[in-house]
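Let me begin by presenting the structure, written as structure tokens, before commenting on it.
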Amino acid sequence: MIIKACIFDLDGVLVDTAHFHFLAWKQLADKLGFVFTETDNERLKGVSRMDSLEILLEIGNLILSKEEKIRYAAEKNLVYLNHIEQMTPDDVLPGVRDFLNELKKNGILTGLGSASKNARLILEKTHLMPMFDAIVDGNLISLAKPNPEVFARGAQLLGVESSSCVVFEDAVAGVQAAHNAGMICVGIGSPEILKEADRVFPSIRNIRLGDLVFS
Ligand code: BG6
Ligand code: MG
């Protein structure tokens with residue numbers, strides 16, 4: 001396989017916003033009166049805001065009206081945005097800039113494939129925006145991971161076929177989305193959780209282009 005493009009998930013891969021999402025959902029769970037743990041949070045990774053709220057409510061065994069759900073999702077987002085506001089270029093995870101530069105030097109296109117509607121704000125805050133040839137975020141897609149839309153759209157914007165793309169993902173739903181798009185997927189995190197990924201690395205820092213050999 002000749003790699004023409006690498007498409008990156010954002011939260012938990014390029015920046016540690018997965019923790020900010022956790023803190024914001026936990027604050028809501030506390031308010032609603034139930035316990036929400038880091039283990040529960042794994043289920044929310046890669047999942048859209050409203051779908052995350054549905055999972056949260058299932059964990060808390062709560063049923064809310066549509067209006068209440070919209071209000072609580074907006075409330076959670078405000079708490080999350082407070083964390084994002086504090087972000088600087090120092091919040092980019094170790095090795096990310098070096099790896100993106102290595103891809104650029106080797107003529108490999110780079111794309112972002114994130115479910116987040118806040119993705120552009122995070123790229124601005126961290127100065128990562130110019131590193132990407134195409135950006136697909138939660139505002140551009142209607143079908144959440146594991147649906148392949150986010151990555152298929154990325155490949156389309158980059159002008160490459162899916163079979164030449166490698167996706168980098170920290171979420172189970174994201175790994176499935178990459179495979180559903182017909183792409184190779186590198187998992188970022190723990191092999192026990194990301195069992196379906198083609199390769200798993202603890203973080204982007206541990207990857208060199210030469211490691212990405214797929215038949
Ligand atoms: C994904 C995160 O990248 O974006 C999820 O992994 C999050 O945890 C989703 O729910 C939507 O994010 P946002 O910023 O639009 O609420
Ligand atoms: Mg992620």
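Annotation note: Cβ proximity below 6 Å between a residue of segment 193-206 that is touching a residue at least 24 places away in the same chain (Cβ under 8 Å) and a residue that is open to solvent by 50 Å² or more (accessible area, probe 1.4 Å) (sequence gap 6+ or interchain) occurs for Arg205/Pro94.
Kindly establish whether Ala29 is more than 30 Å from Leu109 (Cα to Cα) and within 11 Å of ligand 1 (Cβ to nearest atom). Criteria not met by Ala29. In segment 95-115, the count of residues that are farther than 23 Å from Val166 by Cα and part of a loop (DSSP other than H, G, I, E, B) is zero.
Residues being among the hydroxyl-bearing types (Ser, Thr, Tyr), touching a residue at least 60 places away in the same chain (Cβ under 8 Å) and within 15 Å of ligand 2 (Cβ to nearest atom) are entirely absent from segment 152-165. Would you mind stating whether Asn77 is more than 30 Å from Val213 (Cβ to Cβ), in contact (Cβ under 8 Å) with a residue 40 or more places away in the chain and not aromatic (Phe, Trp, Tyr)? Against the criterion (more than 30 Å from Val213 (Cβ to Cβ), in contact (Cβ under 8 Å) with a residue 40 or more places away in the chain and not aromatic (Phe, Trp, Tyr)), Asn77 qualifies. Which one of Gly174, Gly210 is out of contact with any His (no Cβ under 9 Å at 6 or more places or on another chain) and over 20 Å from Met50 (Cα atoms)? Testing whether each residue is out of contact with any His (no Cβ under 9 Å at 6 or more places or on another chain) and over 20 Å from Met50 (Cα atoms) leaves just Gly210. When residues in segment 113-127 are screened for being away from ligand 2 (no atom under 14 Å from the Cβ) and touching a Leu at 6+ places or on another chain (Cβ under 6 Å), 0 of them pass.
Every residue, every condition in (1) modelled with pLDDT of 95 or more; (2) of a type in the set (Val, Ile, Thr); (3) in contact with a helix residue (DSSP H, G or I) (Cβ under 8 Å, 6 or more places away or on another chain), yes or no:
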position: Val47; (1), (2), (3): no, yes, yes
position: Leu56; (1), (2), (3): yes, no, yes
position: Lys69; (1), (2), (3): yes, no, yes
position: Ile84; (1), (2), (3): yes, yes, yes
position: Leu100; (1), (2), (3): yes, no, yes
position: Thr110; (1), (2), (3): yes, yes, yes
position: Glu124; (1), (2), (3): yes, no, no
position: Arg153; (1), (2), (3): yes, no, no
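Residue count for segment 110-131 under the criterion of being in contact (Cβ under 8 Å) with a residue 24 or more places away in the chain and within 14 Å of ligand 1 (Cβ to nearest atom): the result is 12.
The values are calculated or read from the model by the stated rules, or taken from the named source; none is laboratory data. No experiment lies behind these values; they were computed from the predicted model shown. Neighbour counts are summed over all protein chains in view; Cβ atoms, including those assigned to glycine, are modelled from backbone coordinates with ideal geometry. Calculation scope for accessible area: heavy atoms of the full protein, side chains included, ligands and nucleic acids excluded. Shrake-Rupley method; radii C 1.70, N 1.55, O 1.52, S 1.80 Å.
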